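The block underneath contains the structure these notes are about, expressed in structure tokens.
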4 protein chains.
Amino acid sequence: MKTVGIVGANGYTGSELVRVLAFHPNVTLSFLYSRSNSGTKISDLYPDLGTVCEMVLTDTPEEVDILFLCLPHKESQNWLGQYSVKEETLVIDLGNDFRLEGNFGNRNFIYGLPEINKKNLLGVKSIANPGCFATAIQLALLPLAGKGLLKEVYTTGITGSTGAGQSLQATTHFTWRNDNISAYKTLAHQHVDEILLQLVELNNSEVNLHFVPWRGDFARGIFTSSTLKTELELSDIDQLYRNFYEDEPFVTVSSRAIDLKQVVNTNRCVIQIEKSGNVVVIHSAIDNLLKGASGQAVQNMNIAMGWEENLGLYLKPIAF
Amino acid sequence: MKTVGIVGANGYTGSELVRVLAFHPNVTLSFLYSRSNSGTKISDLYPDLGTVCEMVLTDTPEEVDILFLCLPHKESQNWLGQYSVKEETLVIDLGNDFRLEGNFGNRNFIYGLPEINKKNLLGVKSIANPGCFATAIQLALLPLAGKGLLKEVYTTGITGSTGAGQSLQATTHFTWRNDNISAYKTLAHQHVDEILLQLVELNNSEVNLHFVPWRGDFARGIFTSSTLKTELELSDIDQLYRNFYEDEPFVTVSSRAIDLKQVVNTNRCVIQIEKSGNVVVIHSAIDNLLKGASGQAVQNMNIAMGWEENLGLYLKPIAF
Amino acid sequence: MKTVGIVGANGYTGSELVRVLAFHPNVTLSFLYSRSNSGTKISDLYPDLGTVCEMVLTDTPEEVDILFLCLPHKESQNWLGQYSVKEETLVIDLGNDFRLEGNFGNRNFIYGLPEINKKNLLGVKSIANPGCFATAIQLALLPLAGKGLLKEVYTTGITGSTGAGQSLQATTHFTWRNDNISAYKTLAHQHVDEILLQLVELNNSEVNLHFVPWRGDFARGIFTSSTLKTELELSDIDQLYRNFYEDEPFVTVSSRAIDLKQVVNTNRCVIQIEKSGNVVVIHSAIDNLLKGASGQAVQNMNIAMGWEENLGLYLKPIAF
Amino acid sequence: MKTVGIVGANGYTGSELVRVLAFHPNVTLSFLYSRSNSGTKISDLYPDLGTVCEMVLTDTPEEVDILFLCLPHKESQNWLGQYSVKEETLVIDLGNDFRLEGNFGNRNFIYGLPEINKKNLLGVKSIANPGCFATAIQLALLPLAGKGLLKEVYTTGITGSTGAGQSLQATTHFTWRNDNISAYKTLAHQHVDEILLQLVELNNSEVNLHFVPWRGDFARGIFTSSTLKTELELSDIDQLYRNFYEDEPFVTVSSRAIDLKQVVNTNRCVIQIEKSGNVVVIHSAIDNLLKGASGQAVQNMNIAMGWEENLGLYLKPIAF
């Protein structure tokens, strides 16, 4: 059994990690760190954890084999600067501090999207876990990028309220958000740079991603549709995707209509491709807290540790 | 007081017309036609009408001054073929039978989008009321089309469940639709032809509209985002839109973020424009049953009859 | 035209009053008072008001014919203490400051539930508007109280998130409230005293009301079910209710199943009665912001001023 | 590994069993029976099962060790009459055919509420799985019944749309149900007899249960509040409940406010007790498809087979 610490366990992605890791056969939770809620039982913050985890949040981290950082932007760097973490500890950062620039001190964070970097992740000690929209959009575009077919991409994506975190905001107030749809950070979402960094390298030429994010009136999940031009036949694109994801346990290319709830409460991504004339649309759906955050972090841990990739990730879908 | 008949009053748009017209100062409801529900009180089908309208649905139409057709596709032609309607009766068709081809017998249906056709609507006797997505998308693009600036347009739109009508379907089952998002009719929505017919004429050159419709987990409303390239400055685009809609009582160009619930249960359309580099995004929102159907039908009636355009359309927003 | 001022116009009930009064034929809005948002346009806080009301919130009240107070508990007393209001001004308080004890200075607030107090409201200058749950529950029980038939009453009620006001709270966070149900203030809701004050007087003997309020995952509305024992036949109870509400324009006794959305965005209350053995259940539904607050306040204004009771209250239901 | 067959696998509770059993360490699925969908892959009906189960529905059952019946009322009897099931096969019926009368042919169905019948379930071959409301309400009342303290009980419960099954109905149409609340089967729900059969035996004297079920605007879950009179102190009641459920892995007595989402997508039941004067209210919450159906069926299987009670039931809560 490897020991695990979670920093920022009081937040959405931190507590979701607790939900997943509590039943993981190869790890045991050593500490849950939270500055603001130190001394509180995690199950008092999240009563759904009542019979799952009775640990008390602490502000005193211990030495562990695996450390997850679930902190606001910039805070991961601060935390690693403040506390000394053993070199041999696997650090997985769920924030965006090391996604664009992986070098930090004597650590070199590898971008943890298993569907492109799996081989590079085995045995590493520092992983930058991708963003939620970044995961959903990259998985929708990777196979085309792999063939250099991306140029101008028009993407709309919708996210659940958990994507905005647990802080109380006007746009997360139930009265406002229920039955409502709105756009935010139009053409200016922070994940675009992260996406392009990966796609451009694969695509081997410039990619323009015009991304319009929407806020949805649901709590969990991301659904995206990306539109672009290509002369490739639909059947060829379909085959390209099926080949690309052939060995990926969490990505399904569907020949039928997909919908968000097919993946909610799982670590899966489902993808559907449609075409008319020379225009192709790729839809993708993930659970933003799992494949878009904590589930993928566990997947990355499994890979880095040399364990079966979906260990602890056999999650019952909510389905309804 | 002018007399009004509603054909297909048992459906969503038909009953919504009853809700609006019941309080309209210039008209009185003469008959509500429904073949399938003949003999039933409209308030038994829609109990919210309990104190608003106690009429009984009939399968025997009468002569009226104004006739609204709220029927499934192709059924308007059949109905007008079966029953003889006086030449001087104003017929407003909410279906799509006459949107692309307005000539039918001795009638010539004018496309009833007041924001482009208001002058042509005064005094006419036949109006083809626009589709819901068609209204939201055209209002978002008209000012650019008016300057010939449209070429490649990428639009995503999301619609509430009322857009699918009252029939029971797998995709309108609550268990499936709650918290769910899905795409449908990707690049193949029937409103695209209707939209392009108007836009191309204004634009004076070819327009390609790549439209991805989504199903939303709410009952009322449409939200759309259209992305396209233009060298025009944001301030110039903004001014262009404000000038274009200056005299339109139901269209608001907003300089602040818009959201769907700003317009739900009203006949309004709100529009917001954002730009980054040479890419502009235009967001628009309407209530699909009002500005997207029955409200706009009343607006068209007001214009055709020479009445104040927003008579009977001072509707309290739901807001929350 | 009578002049109107709204104090606390920046809140939910205050802004809802603006939505209703903006289209009322006999009044004109003179000022919208808000200490915290003074200087802001009401339509910047509530963009749905974009074409309805362009007034700027002020912290300087003027003399008006009619004054609505939409303030947190205890604040109405403070406000009336701070500002001098003319004796002949009609003051309608939507808070709970004067519901249990109507005497304040030289004013004597009458409890404004028109279905029991209509005769006493004509011409008065001070009205205490009932609470939202208090309205829904009293309307469900009044006819039985009028016959002295109440003794032990077991009521469960569910309320939308607007009932909790616009402040950001853990229980109004979308992520928490979506798809969720919870109880609060079990057997201890502040409206019970207000309800009993009226019911006991009518009932002419002690009444015990055991009330369990629930939070619902919707924004608008209240649905209640009250269970009690009686030997009266269902048909007699039904007749009793129909007689009691015969002349009430906003209360409907339904012989068919009722549901919340029959009344959302209207000033109506619908009631249904069911019986098995010697146990009767009375269901009632209202819109908490309208019949439960701002709509009823306008109804009270109409009665006090001697106007038609439903003036300005012909509101289109949302229905869907 | 024991072999399992699921009859009615195409329905909500049947497919939910597939979701749970697919990851159960001691069983393997042998066949999924469905007359109407024979020949279809279960993952085509429920795409969330895409990577979980690729079995094809069949109309030809095989011999298995454990058989689950997930059929409409009366259909379990018919099915067992039509097909011969080995005597040594464990049959768990999720319908209500054998809850009130357990004798059928040479089988004697034991009522499978583990919290009262655990000792009687070990080794049995026929189990009648309780109803969803029946589970939530009994768990809320059992400890009081055990002391003979029940007399008049007033219960309101709210259920998600999955409780109504997958058939398309007016009351499961999204447009109708979204944001809506309604009562149904007032004082006449079919689970009352089932509940009283157990409670009266424990209580050793008559119990009257006045139950008002409501339809909620969410898909999964049941929340109930039961009100009754007792002279017992709150602390004594609380202790009584804690003692009663001390060894029950799936029932939690909470001293803090409970809410529905604490248990959604788990097999747990949470209970909270509140008191004022001589009136006590007991709240309970379960997931209707898990502790209210398929999860409890697996729990019963585990007990009957002599396995650990929560094997295969370590389910990640949805939480948000």
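Some observations on this one:
- Chain C and chain D together bury an accessible surface of about 3200 square angstrom, both sides counted, with a 1.4 Å probe and no ligands or nucleic acids included.
- Within the listed set C:Arg215, C:Arg35, C:Arg19, the residue fluctuating most in the Gaussian network model of chain C (springs between alpha-carbon atoms under 10 angstrom) is C:Arg35.
- Mean Cα-pair separation over length for chain B, i.e. relative contact order, pairs under 8 Å, 6 or more apart, %: 18 percent
- For chain A, the longest principal axis of the alpha carbon atoms and the long axis of helix A:12-21 meet at an angle near 80°.
- Nearby aspartates and glutamates by direct alpha-carbon distance to C:Lys229 (threshold 13 angstrom, same-chain neighbours under 8 apart not counted): C:Glu152, C:Glu274, D:Glu152
- Crossing angle, helix C:191-203 versus chain C [Cα axis fit, 0-90 degrees, rounded to tens]: 60 degrees
- Accessible area expressed per residue, the protein assembly as shown, with surrounding protein chains retained (probe 1.4 Å, Å²): 33 Å²
- Computed about its Cα centre, the charge dipole of segment B:132-286 is approximately 480 debye, with only Lys, Arg, Asp and Glu carrying charge at their Cβ.
- Separation in nanometres of the label points that stand 7 Å from Cα toward Cβ, at D:Leu232 and D:Tyr314: 3.4 nm
- The alpha-carbon atoms of chain C, seen along their principal axes, cover 60, 46, 33 angstrom, with the largest extent given first.
- Taking every Cα-Cα distance in segment D:29-84 and sorting them into 5 Å bins from zero, the calculated P(r) comes out as 4, 18, 24, 26, 17, 8, 2 percent.
- Contact order relative to length of segment A:214-313, as percent, for alpha carbon pairs under 8 angstrom and 6 or more apart: 30 percent
- Length gained on full extension, C:Asn103 to C:Glu246: 48.3 nm, using 0.36 nm per residue less the C-alpha separation.
- Multiplying the residue separation of B:Glu152 and B:Lys118 by 0.36 nm and removing their Cα-Cα distance gives an extension gain of 9.5 nm.
- Remark on segment D:1-45: hydrodynamic radius 10.7 angstrom, per the Kirkwood mean of 1/r across alpha carbon pairs.
- Copy-to-copy label separations for D:Asn108, where each label sits 7 Å from Cα toward Cβ, in nm and ascending: 7.3, 7.5, 8.8
- Cα-centred dipole magnitude for the protein assembly as shown, charges only on beta-carbon of K, R (+1) and D, E (-1), debye, nearest 20: 0 debye
- For the pair segment A:137-178 and segment B:141-184, the centres of their Cα atoms are 18 angstrom apart.
- Per-pair calculated FRET efficiency, R0 = 56 Å: A:Thr89 and D:Glu63 via Cβ, rounded to 0.05: 0.60
- Across the accessible surface of segment A:240-320, with the other protein chains kept in place and a 1.4 Å probe, carbon and sulfur atoms take up 43 percent.
- Theoretical FRET efficiency, 1/(1+(r/R0)^6), r = Cβ-Cβ of D:Asp193 and C:Ser254, R0 41 Å, to 0.05: 0.90
- Given charges at Cβ of Lys, Arg, Asp, Glu: chain D dipole, positive-most of D:Ser225, D:Tyr33, D:Gly5: D:Ser225
- Reachable aspartates and glutamates, given that their alpha-carbon falls under 19 Å from the alpha-carbon of C:Lys41 and they are not under 8 places away in the same chain: B:Asp259, C:Glu16, C:Glu54, C:Asp59, C:Glu62
- Distances between equivalent label points of A:Lys74 across the copies, with each point positioned 7 Å along Cα→Cβ, amount to 3.9, 6.3, 6.9 nm, shortest listed first.
- Of the residues making up segment A:134-169, those losing 50 Å² or more of accessible area when the isolated chain is joined by the remaining protein chains, with a 1.4 Å probe, are A:Tyr154, A:Leu168.
- Here is how far apart the D:Gly277 label points are across copies: 2.3, 7.0, 7.3 nm, shortest first, using a point 7 Å from Cα toward Cβ.
- As computed over the protein assembly as shown, the Cα convex hull volume per residue (Å³): 180 Å³
- Near the amide H of B:Val27, within less than 5 Å, lie the amide hydrogens of B:Lys2, all on another chain or at least 5 residues away, with H placed in the peptide plane.
- Burial here means at least 50 square angstrom less accessible surface with every protein chain in place than with the chain by itself, probed at 1.4 Å; in segment D:173-197 the buried residues are D:His173, D:Phe174, D:Thr175, D:Asn178, D:Asp179, D:Ile181, D:Thr186, D:Leu187.
- For the listed residue pairs A:Lys147/A:Lys185; D:Lys118/D:Lys147; B:Lys316/C:Lys118, the alpha carbons are over 24 angstrom apart in A:Lys147/A:Lys185; B:Lys316/C:Lys118.
- Aspartates and glutamates whose Cα lies under 16 Å from that of A:Lys119, excluding same-chain neighbours fewer than 8 positions away: A:Glu246, A:Asp247, A:Glu248, A:Glu308, A:Glu309
- Ellipsoid semi-axes in whole angstrom, largest first, where each is sqrt(5λ) of the Cα gyration tensor of segment A:132-286: 27, 17, 14
- Segment D:233-272 shape via C-alpha gyration tensor axes, a/c threshold 1.5: oblate
- Working note: 222 nm ellipticity from helices only, DSSP H runs with n ≥ 4, each -39,500 (n - 2.57), summed and divided by the residues of chain C, gives -7500 deg cm²/dmol to the nearest 500.
- Dipole moment magnitude, nearest 20 debye, chain B about Cα centre, only Lys, Arg, Asp, Glu C-beta charged: 380 debye
- 0 to 90° range, to nearest 10: angle between helix A:294-305 axis and chain A longest Cα axis: 80 degrees
- A probe of 1.4 angstrom, applied to the heavy atoms of all protein chains, finds D:His24 with accessible area near 10 square angstrom.
The values are calculated or read from the model by the stated rules, or taken from the named source; none is laboratory data. Everything numeric here is computed off the predicted structure, so don't read it as measured data. Positions of Cβ are backbone-derived with ideal geometry, glycine not excepted, and every protein chain shown enters the neighbour counts. Calculation scope for accessible area: heavy atoms of the full protein, side chains included, ligands and nucleic acids excluded. Shrake-Rupley method; radii C 1.70, N 1.55, O 1.52, S 1.80 Å.
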